[in-house]
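Everything on this sheet refers to the single structure shown next.
The values are calculated or read from the model by the stated rules, or taken from the named source; none is laboratory data. These figures come from a predicted structure and were not determined experimentally. Neighbour counts run over all protein chains shown; Cβ positions are idealised from the backbone, glycine included.
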Amino acid sequence: MDKDHQSLFQDDRYCICCGEKNHLGFQMKFRYEDEKLCSEVIIPKEFQGFANVVHGGMLGTVLDEMMVNLYWLKGIRVVSVEYQIRLKSPCPVNQTIFLSAWKVDIKKNVYFSASQACLKNGILVATGTAKCMSIE
């Protein structure tokens, strides 16, 4: 990636998912459990699709966040260039969603990952895969 594009990817701590300066965001915190990156999020009613059901695009957003941060938090600066989400079950708003992401493969500067979102009762609500590219 050229230097002009690299300058676009600066972290000003205002990310909708993890930015602590964004008071409208989800304030996600991350931790590693073995090789998996884990987090929790509560998505409020303001981000619903159908009545009291989280909009599928929001589930895609938080799973994308997980798959990029899987590498980013280890000092590998990547951005997603392609991701796919599979919605498995309706996800209620205002409930804790348990998120995880893990490495699938690395080929040169392309990083592949997978993710999932589950409810407390173990119901799988969404899965994701991503192709990320290094920006360095």
Which condition from (1) at pLDDT below 95; (2) in contact with a strand residue (DSSP E or B) (Cβ under 9 Å, 6 or more places away or on another chain); (3) β-branched (Val, Ile, Thr) is the one that residue 43 breaks?
(1)
Can you tell me how many residues within region 41-67 are surrounded by fewer than 15 Cβ atoms within 10 Å (Cβ to Cβ) and not hydrophobic (A, V, I, L, M, F, W, C)?
5
Candidates 89, 80, filtered to the one that is surrounded by fewer than 19 Cβ atoms within 10 Å (Cβ to Cβ), within 20 Å of residue 11 (Cα to Cα) and at pLDDT 95 or above:
80
Please give the strands (runs of 3 or more DSSP E) falling wholly within region 64-123 in which 2 or more residues are touching a residue at least 24 places away in the same chain (Cβ under 8 Å) and of a type in the set (D, E, K, R).
78-87
Return a yes/no flag: does region 63-81 have any residue that is in contact with a strand residue (DSSP E or B) (Cβ under 7 Å, 6 or more places away or on another chain), over 15 Å from residue 127 (Cβ atoms) and charged (D, E, K, R).
yes
